[in-house]
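Input: a single structure, listed below in structure tokens.
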Amino acid sequence: MIEYLDVHKAFDVPVLSGVSLTVETRETLSIVGPSGTGKSVLLKTTNGLLVPDLGDVRIDGISVYHSKRDALAEIRRKVGYVFQYAALFDSMSVFENVCTGLSDGEERRARTPETLRKVCDALEDVNLDPALVLHKLPSELSGGMRKRVGLARAIVGRPEILLYDEPVTGLDPVNTAAVSRLILEIRERTHVTSIVVTHDIEQALEISDRVALLTHGKLRFVGTPADFRTSDDPVVRAFADRRVAAAAALQLVERGQPEAENEEEP
Amino acid sequence: MQKLVAKAVRGLFARIGRTAESVFRHAGQMTLLLWGVARATFTGRVALGDVVTQLMSVGVGSIPLVAVTAVLSGVVTSQQGGYQFTSSIPLYVLGSVVTSSVVLELAPVMTAFVLIGRVGARITAELGTMQVSEQIDALYSLGRDPVPVLAAPRIIAGTIATPLLVGLACFIGVFAGLVAARFAVGLGAESFLYGARMYWHSWDLLYSITKGLVFGFVIPLISVHMGFGTRGGAEGVGRATTSAVVLMIITVLVLDATFPPLFLN
């Protein structure tokens, strides 16, 4: 279980202003919201990549910020992180990149058949052919393939929690659907707890048990996809229905209000 | 008018305050980095393979450029010294001038400048790119500390390789000066070496190598620190690299200026 307890974070201006949220074990929760409202910042506080100014994050009851260095390293091993642009190590091959997701001991035995099998399994899990990509450098892969290698690196160590930061940003519709399907398959197969930060509301509603809407650093809505679709909240409705969002934006433009000031604009 | 002066004074103090804050912040962050590197090194968390890889890059990879710089330093010193000494001072003194100039000053400082351009800028750009493309975050998220993996091998390799490069630059520079003296002013090797021995202190070479040790430590330290602190995409990497090069040059020159009063007087 992941608990966010009154998390505050500011970079010159407040980004998160008291977010409290619980994600149950084996649940998939999507966080949606306009750009710059702190979705990725909240995700990065989960495994200590960013330290909140106030508040705490607990994983299975253990505080991420009040634990010793070894405990934090242990927590991080439980958590797989899929970065927005994959964040693969440029100088390493796909095999070496995926190997870094294994434990230290396993990585040191990188050339053993067992490690090779684990890496190949992870690549096959994300629909990549190991024979084709294993020895390639990240620069030799397409954007979609890089994202899938990033996902393979995150799942190879069999984490209990997976954090996805904008997993479909920059992908074409075919790859977007493929990544969504992968997230669902991984959840079914490994029963992992997942948090997905996304702009793609269709994807969020398709893959999630619950959806959280973050606006201006605060949670505006947390509920099931069905509740999200039927919510009366105009901000939620603007997100749930792109046509409503477009109409609301158009109305504001016609009234002469700049789009940037529109708080309800997705 | 009074308001304008008050505004200008306020602006000046604000600028001084911001600069002081920046200096203290950098100093604090570098101290923490240094502490992390020392702890990683003495607890055996730095992989020998990573250090060897960096030694090849920093040390072996820099040999050709350091050699060229040393040859040119020796040749220019010899030619200009020969031009000034002709028909005024005994020519064998040229041996002493070339040897002292190369060993005490030119070899360590020119080697440091080569390393700033070739190694320091590369380290900042490399780590800065890793920072802005979230590769450093990826290391953290995989439970790995970037200090033993990225920072320590580079700083250890710089500290080991630079004194050796300085020693090599001393030898090559003096030899190049000797050959140039022969062709420029007709000073034979024996006379050159006679002059060189006349004013030679065995401490000089140690002094030069000590400079190399200090420069070899601060260059990767600054470049790693600036790389880790990079923000803001490709433009940020460019800005960080430029700032790192400027900071490394100033630091090397300031340290160079502190050496004579500390060790030669």
Practice task
Would you please give the FRET efficiency between B:Lys3 and A:Glu160, computed as 1/(1 + (r/R0)^6) with r the Cβ-Cβ distance and R0 = 56 Å, to the nearest 0.05?
Solution key: 0.30
Exercise for the section: Give me the Debye-computed log₁₀ of I(q)/I(0) at q = 0.22 Å⁻¹ for the stretch B:161-225, equal point scatterers on Cα only, no solvent, two decimals. Expected result: -0.91
Completion exercise
Label model pair B:Leu65, A:Phe11: point-to-point distance (7 angstrom along the Cα→beta-carbon line) in nm is 3.3
Practice task
Return the whole-Å distance between the Cα centroid of the stretch A:26-98 and the Cα centroid of the stretch B:147-193.
Solution key: 48
Completion exercise
Relative contact order of the stretch B:47-258 (C-alpha contacts under 8 Å, at least 6 apart) in percent is 37
Completion exercise
Kirkwood-based Rg/Rh on the Cα set of chain A evaluates to 0.99
Handout entry: Selected from A:Val174, A:Val156, A:Val13 as most flexible by GNM, with chain A as the system and alpha-carbon contacts under 10 Å
Key = A:Val13
Practice task
Counting only C-alpha contacts under 8 Å and six or more residues apart, can you give the relative contact order of chain A as a whole percent?
Solution key: 24
Exercise for the section: Using only the alpha carbon atoms of the stretch B:103-162, find the Kirkwood hydrodynamic radius as the inverse mean reciprocal pair distance, in angstroms to one decimal. Expected result: 13.0
Completion exercise
Karplus-derived 3J(HN,Hα) from phi for the stretch A:208-224 (6.51 cos²θ - 1.76 cosθ + 1.60, θ = phi - 60°), whole Hz, x at Gly and Pro, runs 9, 7, 9, 10, 10, 9, 10, 9, 6, x, 10, 7, 8, 8, 9, x, 6
Completion exercise
A correct Stokes-Einstein calculation for the stretch B:1-110, using the alpha-carbon Kirkwood radius, 4 °C and 1.567 mPa s, returns a whole-number D in µm² s⁻¹ of 66
Problem - Table column - 3J(HN,Hα) (Hz), the stretch A:116-124, Karplus curve with 6.51, -1.76, 1.60, x for Gly and Pro - result: 4, 5, 4, 5, 5, 4, 5, 5, 5
Problem - the stretch B:1-43, accessible surface, carbon-and-sulfur percent (1.4 angstrom probe) - result: 72
Problem - Accessible area of chain A divided out per residue, in Å², using a probe of 1.4 angstrom - result: 47
Practice task
Starting with the highest mean, order B:9-22, B:141-154 by the number of other Cβ atoms within 10 Å, averaged over the residues of each peptide.
Solution key: B:141-154, B:9-22
Exercise for the section: Hey, could you grab the Kirkwood Rh for the stretch B:44-173? Inverse mean 1/r over distinct alpha carbon pairs, Å, one decimal. Expected result: 16.7
Exercise for the section: For the stretch A:119-183, give the magnitude of the charge dipole about the Cα centre (Cβ charges: +1 Lys/Arg, -1 Asp/Glu; no others), in debye to the nearest 20. Expected result: 80
Exercise for the section: Express the accessible area of the stretch B:1-63 per residue in Å², computed with a 1.4 Å probe while the remaining protein chains stay in the model. Expected result: 75
Exercise for the section: In nm, give the distance between the simple-model label positions of B:Ala20 and A:Thr25, each being 7 Å from the Cα along the Cα-to-Cβ direction. Expected result: 5.5
Exercise for the section: For the stretch A:130-232, evaluate the Debye formula with one uniform point scatterer on each Cα (no solvent term) and list log10 I(q)/I(0) at q = 0.13 Å⁻¹, rounded to two decimals. Expected result: -0.53
Problem - Helix-only CD estimate at 222 nm, as mean residue ellipticity for the protein assembly as shown, using -39500 (n - 2.57) per DSSP H run (n ≥ 4) - result: -19500 deg cm²/dmol
Handout entry: Positions from the stretch A:39-84 whose accessible area shrinks by 20 Å² or more when the full protein complex is built, not the chain alone, probe 1.4 Å
Key = A:Lys44, A:Leu49, A:Arg69, A:Arg76, A:Arg77, A:Phe83
Fill in the blank from the handout: Rg from C-alpha atoms of the stretch A:1-98, normalised by the globular rule of thumb 2.2 N^0.38 Å, equals 1.16
Completion exercise
Straight-line reach check, A:Lys39, cutoff 26 Å on alpha carbons, 8 or more apart in-chain or any other chain, hits among lysines -> A:Lys9, A:Lys78, A:Lys147, A:Lys218
Handout entry: Computed Rg/Rh of the protein assembly as shown, alpha carbon atoms with Kirkwood Rh
Key = 1.10
Completion exercise
Here FRET efficiency (C-beta to C-beta, B:Ser87 to B:Glu235, R₀ 51 Å, nearest 0.05) is 0.35
Handout entry: Accessible area buried between chains A and B, both sides summed, probe 1.4 Å, in Å² to nearest 100
Key = 1400
Problem - Average silhouette area of the stretch B:47-258, convex hull of alpha-carbon atoms, in square nanometres - result: 12.6
Handout entry: Paired Rg and Dmax values of the stretch A:63-133, which use every Cα atom, in angstrom
Key = 14.0, 44
Fill in the blank from the handout: Taking r as the C-beta separation of A:Glu140 and A:Leu116 and R0 as 25 Å, the FRET efficiency to the nearest 0.05 is 0.80
Practice task
Run the accessible area of the stretch B:47-258 with a 1.4 Å probe and give the carbon-and-sulfur part as a rounded percent.
Solution key: 72
Exercise for the section: Provide a list, ordered by number, of residues in the stretch B:133-147 showing at least 30 Å² less accessible area with every protein chain present than when their chain is taken on its own, using a 1.4 Å probe. Expected result: B:Glu134, B:Gln135, B:Asp137, B:Ala138, B:Tyr140, B:Ser141, B:Leu142, B:Gly143, B:Arg144
Exercise for the section: Please identify which residues in the stretch A:176-210 have an amide N closer than 16 Å to a label point set 7 Å out from the Cα of A:Met1, following the Cα→Cβ vector. Expected result: A:193-194
Fill in the blank from the handout: Output for the stretch B:42-106 (equivalent-ellipsoid semi-axes, sqrt of 5λ from the C-alpha gyration tensor, Å, descending) is 40, 13, 6
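The values are calculated or read from the model by the stated rules, or taken from the named source; none is laboratory data. Keep in mind that what you see is a predicted model, and the values were worked out from it rather than measured. Note that we place each Cβ from the backbone using ideal geometry, even for glycine, and neighbour counts take in every protein chain shown. Calculation scope for accessible area: heavy atoms of the full protein, side chains included, ligands and nucleic acids excluded. Shrake-Rupley method; radii C 1.70, N 1.55, O 1.52, S 1.80 Å.
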